[in-house]
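Have a look at the structure below before the remarks.
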Amino acid sequence: MREPYDPSSVEAFHHRGWDFDNGVLRLRYALDSVQFEERFVFPPGIPHHLAAGPVFERAVDVLAVAAGTSYYKAAAPPIVTGVPERLVDLASELYLHGLAEFAMTNRLAPIRPRFESVSRDDASVMSVAGVDADAPALIAVGGGKDSIVTIESSLRAGMPAVLGSVRTHRAIDETAARSGLQHLVVDRIIDPALLELNDAGALNGH
């Protein structure tokens, strides 16, 4: 049984980097000394050579910032470290607006942490060299009307495409089946330590 958790005692939330190996992406975070690892498991058939390229790295940096909010909000500390410098503006908007309902539910001030960023040479990350321009587009599908309209538009335009989702459910599966397009499902595995913190008194909410 974990000891009662005091969110107000936490000083900072840390982005601790990521790695991708054998189809598994691991994102690492920490709330002071409490460490987390979130995993995204990619389906077979993903061209893993892309994972060594700058486009994949750039996308994962953005994903890490977005997914990290799930762990940040367990304590909502005033400092966030390790965000790439080029993503600080994105992170600021995401935390302020994306966690607005969470802040209201927990009677917190608007979420405006101080970001202690890390600089990175983005020259290679900005490049899209090596990407196959003829590769099919990836359409994110959630089973709602936005993804359905996008799918229909791509089919009518004759644009090659595949569908992608993080996990799946009946509406997504039915949409994919009707489209006739390949559906790639990525599994997201939240660190169980976060669920333990929630039970021990961490902040929670949308």
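The values are calculated or read from the model by the stated rules, or taken from the named source; none is laboratory data. None of these values were measured; they are calculated from a predicted model. Note that we place each Cβ from the backbone using ideal geometry, even for glycine, and neighbour counts take in every protein chain shown. Ligands, DNA and RNA are stripped out before the accessible areas are found, and what is left, the full protein with its side chains, is counted by its heavy atoms. Shrake-Rupley method; radii C 1.70, N 1.55, O 1.52, S 1.80 Å.
Cβ neighbours within 10 Å, averaged per peptide: list 179-189, 63-73 in order, most packed at the top.
Working: 179-189: 15.1, 63-73: 20.7.
Output ranking for 179-189, 63-73: 63-73, 179-189.
For the range 128-206, the residue among Val149, His206, Pro160 whose Cα projects farthest onto the positive side of the dipole built from Cβ charges is Val149.
With runs of 4+ DSSP H residues as the only contributors, calculate the mean residue ellipticity of the chain at 222 nm using -39,500 (n - 2.57) per run, divided by the residue total and rounded to the nearest 500.
Result for the chain: -10000 deg cm²/dmol, rounded to the nearest 500.
Over the chain, with every protein chain in place, what whole percent of the accessible area is carbon and sulfur at 1.4 Å, could you tell me? Carbon and sulfur atoms account for 55 percent of the accessible area of the chain. Rounded to the nearest whole Hz, the Karplus-based 3J(HN,Hα) values (6.51 cos²θ - 1.76 cosθ + 1.60, θ = phi - 60°) of the range 90-99 follow the sequence 4, 4, 4, 5, 5, 5, 5, 8, x, 10, with x at glycine and proline. Model label points for Ile190 and Ala66, set 7 angstrom from Cα along the Cα-to-Cβ axis, are 1.7 nm apart.
On the principal axes of its alpha carbon atoms, the chain extends 55, 41, 31 Å, with the longest extent given first. Annotation for Ser117 and Asp173: the two label points, set 7 Å from Cα along the Cα-Cβ direction, are 4.3 nm apart. For Leu163, the amide hydrogen comes within under 5 Å of the amide hydrogens of Ile139, Gln182, His183, Leu184, counting only partners 5 or more places away or on other chains and with H modelled in the peptide plane.
For the pair Arg39 and Leu138 in one chain, pulling the backbone fully straight at 0.36 nm per residue adds 33.6 nm over the alpha carbon distance. Inter-part distance, the range 55-112 to the range 132-169, computed on C-alpha centroids, equals 27 Å.
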